[in-house]
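Undergrad: What follows is a structure written as structure tokens; I'll ask about it next.
The values are calculated or read from the model by the stated rules, or taken from the named source; none is laboratory data. Quantities reported herein were computed from a predicted structural model and do not represent experimental measurements. So basically every Cβ, Gly included, is an ideal-geometry build from the backbone, and we count neighbours across all protein chains shown.
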Amino acid sequence: MAVTFTGAGWIPIETNPDVIQKVRQTSAVLRWGNPVPMSSNTKYTPRSGGVTIGRWAKSTSAPADASPNDSVLLNTDKFGGKVVVAAEDMEDSLASIVDAKSVDAGSSFAKLFDNVTLGITAAKGTSGWGFDSLYYILTQNDATTGYTGGANLSTGATAATYDNLSSSLGVYEQGDFFEEEETVAIAHPAFKQILRGIKDNQGAPILNESTAGVAGGGQGGTPKLFGYDLQWSMGCKTSAAGSSSPTGKPFIVWGNRQFLQVGNRTGGELAVNFQDTDTGIGVDTDENLLYFRARKAFAVGAPGAFSMLVIG
């Protein structure tokens with residue numbers, strides 16, 4: 001990729017298709033989430049409690065629907081960091097260093113975003129982030145949708161089995177928000193080994209892996225698990241405050257991707273600001289600075305639209 005810097009202005013990384021591809025491959029939430037454009041730091045998106053249709057008797061008023069309607073709040077948070085690169089290193093191979101660091105930053109951001117949106121165990125007031133994760137939301141009651149805290153979250157298993165994987169999926173499938181064509185699965189790669197190790201009474205693997213490395217015997221393309229699209233995410237481990245390298249318990253999420261609300265405050269996935277040694281703040285140290293940032297929001301449309309199995 002040819003790189004042109006214009007002073008110290010913000011340069012969208014999306015001009016580098018490798019970064020966008022990396023972000024989309026690494027982050028399941030950014031790939032499958034329902035994008036919501038935002039022109040301010042907060043935005044309410046309408047949420048319907050459903051519509052009840054009943055028998056309408058002849059010559060009477062239409063039956064009134066009493067389902068509640070409200071909104072979910074998207075609150076923007078800022079992701080970012082910086083990389084220090086010596087001037088001589090930039091002079092030797094400018095484009096390759098910028099490309100490499102940009103792709104690395106995109107990968108780190110994608111993992112962090114999945115972990116923050118899916119795996120933080122504490123409330124936003126404790127974790128410091130501007131929104132609650134799916135894990136935490138599944139622990140709370142939701143009077144509007146009738147969800148009971150903990151109903152769709154399984155945390156007691158020490159290992160994954162065919163039965164508890166199927167049971168976890170079944171909780172979502174039997175809920176009001178199940179739509180087969182919109183159903184996805186997001187799991188930590190630790191479940192690759194777990195799935196390979198599930199065997200029948202004769203010792204044969206129940207979920208065979210294809211030559212393409214797809215659990216369940218798929219032949220390339222998007223992996224499938226129990227017939228649903230699957231994406232592996234390194235962010236799918238529990239965490240107290242959010243991390244691009246979480247060390248908690250691995251989990252798998254099943255759900256309706258239309259209820260993954262992703263607010264986009266800025267146009268692209270990630271942006272970079274280049275401060276060079278001639279005109280930028282690195283002039284005293286002869287070091288260039290690459291600043292990375294993204295402004296995103298997240299909200300769960302309805303907790304009943306998901307179920308989660310945590311192992312360990």
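Undergrad: Conditions first: (1) among the hydroxyl-bearing types (S, T, Y); (2) farther than 21 Å from A185 by Cβ; (3) modelled with pLDDT of 90 or more. S96 passes all but one, so which condition is the exception?
TA: Unmet for S96, out of (1) among the hydroxyl-bearing types (S, T, Y); (2) farther than 21 Å from A185 by Cβ; (3) modelled with pLDDT of 90 or more: (3).
Undergrad: Do you know which residues across the range 120-135 are under 13 Å from A302 (Cα atoms) and in a helix (DSSP H, G or I)?
TA: Answer for the range 120-135, where residues must be under 13 Å from A302 (Cα atoms) and in a helix (DSSP H, G or I): L134, Y135.
Undergrad: Which one of these does G149 not meet: (1) part of a strand (DSSP E or B); (2) free of Cβ contacts under 8 Å to residues at least 12 places away in the same chain; (3) not basic (K, R)?
TA: (1)
Undergrad: Okay, next question. Of (1) loosely packed, with under 15 Cβ neighbours inside 10 Å; (2) at pLDDT below 70; (3) in a loop (DSSP other than H, G, I, E, B), T60 satisfies all except one. Which?
TA: Evaluating T60 over (1) loosely packed, with under 15 Cβ neighbours inside 10 Å; (2) at pLDDT below 70; (3) in a loop (DSSP other than H, G, I, E, B) leaves (2) as the failure.
Undergrad: Could you go through the range 164-174 and let me know if any residue there is modelled with pLDDT under 95 and in a loop (DSSP other than H, G, I, E, B).
TA: no
Undergrad: Something else: Closer than 24 Å to Y291 by Cα, hydrophobic (A, V, I, L, M, F, W, C) and at pLDDT 75 or above: which single residue out of V72, V85 fits that description?
TA: Being closer than 24 Å to Y291 by Cα, hydrophobic (A, V, I, L, M, F, W, C) and at pLDDT 75 or above holds for just one of V72, V85, which is V85.
Undergrad: For the range 247-267, check the following and say yes or no: at least one residue is modelled with pLDDT under 80 and either touching a strand residue (DSSP E or B) at 6+ places or on another chain (Cβ under 8 Å) or at negative phi (or both).
TA: For the range 247-267, residues modelled with pLDDT under 80 and either touching a strand residue (DSSP E or B) at 6+ places or on another chain (Cβ under 8 Å) or at negative phi (or both): present.
Undergrad: Now for a separate question. Going by what's in this entry, would G235 be described as in contact with a Pro (Cβ under 7 Å, 6 or more places away or on another chain) and modelled with pLDDT of 95 or more?
TA: yes
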